[in-house]
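Only one structure is covered here, and it is reproduced in the block below.
Please treat every number below as a calculation from the coordinates, not as lab data. Treat the numbers as computed from the prediction; the structure is a model and nothing was measured. Don't worry about glycine lacking a Cβ; one is built from the backbone with ideal geometry, like all the others, and counts go over all protein chains shown.
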Amino acid sequence: MSTECAVCRKESSQGIALLICGRCKSRAYCGKSSLQRVVRWHPADFPLWTGADCQEEDFSRHKGKCEPQHYILKVDLLPQFITKPRIMRTLSCPAYSTFAELHRAVLTAFEWAYTPHYQFEIPNLDKNHSDSDDESESIFKITHQNNPDTPLSKFLGHPKSKERAIHYKYDFRSGWPSWDLVITDFGLGHAVGPHFACLEGEGHSCPHDVGGYSGWRELLEAYDAESPTPAQEAKIKWFETQTGNQNSEGLRGGKKWTFDKDKINSILSKLDQQPLPYTSAALNTRHSIILLSLEKKPFFDTIYAEAIKELRSRAGVAELLDTASAIKHLQKALSSAKVNYPTVIATDPCVMNDKYIAVQENLIKYTKAGGTVIFGFDCGRWCKPDKVNRFFMNMIDLGWKYGDYQRANFSQNPHVNPAFKSRREQLLWHQYQTEALVLANAALEDQVFVNFSEDPSSRSSALFAQYGKGYVGWIGDLRPERGTIQVLLSMCEI
């Protein structure tokens, strides 16, 4: 790094505090007559100073050469156990990217299926570190629920994290061994492109559901066996035909040392364009659906397996699990020349919380422009009265209110609005029994299913109303009954 100001040539040896370019980190400035302090994140720990005058003077000359830097990260899978061969990837990561995006990049580099559950942590080795979740035992901890949109530059390269390994844990499902990876920061380097890239690596990726290190070791032993046992033959067949990163050529001989870097980089180059790895066509079909799951529960996929299967069989489905991705894809859909907006399904009620106000505002714009937004799945199960009332009465002014939970026979409303009638309404069951959170104060024509034992003008388990040029839907069922799934498919118009 330069030891003198790029403009006036004052040196740091003269007692001048040189301030580096925040974008490329390769050019220094003294600030000359004035200093402008820009504080990011935590003022005490992460100050960023810029030299105002000299940097402004040099901008016209420097801007053509100023390129954003990438962090070079080496990611090792269980390096204390997996050694022959190691399973390692070296990634080039944009400095402005987030930990949520790094999570997706790591999964892609190791050819693993997507999961929302992850944790990045630098343990504080100066303390007696235990298995406690107390964040005071860590220099930093980022999880899928705790600040996933934090940029890498907040921690990487900072003195507190310098020369310390980052521990990344993947897949927290109950009863499954979680994968632990060690990430080493090799500092900043010049970008090989505007996106994540795999620079090098070693070892064929192991299936994420192989059963942890012991399962991976047993799989390799099966391939090394001269006369595999029936159990080993079954493991080999499973790997070659059923796993997410299956390889029909197996892992015999040198195969276990190889991986397809070109394939990985092809997927990494599209991460900023697609919601999830391995769903490259999800939003390019005629019918597209976005599942907005900002605080997804671990058991979600199991409870709603039948409903998700139905959606995927009829439309391209992508899942967004963080604020940045949600806003990015809503804005991208709005700016697209295509008329067919993807249907957005909010799968949990956290989107109504105050901390997701930016997502709420984009959902409102999206609906007014012609999109359809449906609140379903876990929304009826976990939402709170004050959040429901504030969102539907104040934010979007539909007047819907939190009602109560009812176990009843709900029947089709013959007076439902024409917009819903045109959406496969004729295929719905005329009546079905379910337990649901009903909303009150809805217009009669906006009620899809009603409990006729009550005043049909007051409460409904399923609502569908026009809002701007688009539509807002509500499905309050607590369980994925077959009738519930039919309502969802009709609202999605698939």
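Is there a pair in LYS384/LYS469; LYS261/LYS355; LYS154/LYS255; LYS154/LYS256; LYS297/LYS365; LYS256/LYS297 whose C-alpha atoms are over 32 Å apart, and which pairs would that be? Numbers along the way, then the final one.
On the way: LYS384/LYS469 28 Å; LYS261/LYS355 39 Å; LYS154/LYS255 39 Å; LYS154/LYS256 36 Å; LYS297/LYS365 27 Å; LYS256/LYS297 35 Å.
Distance filter (> 32 Å) returns LYS261/LYS355; LYS154/LYS255; LYS154/LYS256; LYS256/LYS297.
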Scalar couplings 3J(HN,Hα) for the range 298-304 by Karplus 6.51 cos²θ - 1.76 cosθ + 1.60 (θ = phi - 60°), nearest whole Hz, x for Gly and Pro, are x, 8, 4, 4, 6, 5, 9
Mean Cβ-within-10 Å packing, highest first, puts peptides 390-399, 140-149 in the order 140-149, 390-399
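With charges only on Cβ, +1 for K and R and -1 for D and E, what is the dipole size of the range 288-492 about its Cα centre, in debye, rounded to 20?
On the way: 24 positive and 21 negative charges, 119 e Å.
Using Cβ point charges on Lys, Arg, Asp and Glu, the range 288-492 gives about 560 debye.
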Highest mean packing first, using Cβ neighbours within 10 angstrom, the peptides 432-438, 81-87 sort as 432-438, 81-87
Quick shape check on the range 288-492: root eigenvalues a ≥ b ≥ c of the Cα gyration tensor, a/c under 1.5 is rounded, otherwise prolate if a/b tops b/c, else oblate, and it reads rounded
So, with points 7 Å from each Cα along the Cβ direction, the ALA305-CYS8 label distance in nm works out to 6.9 nm
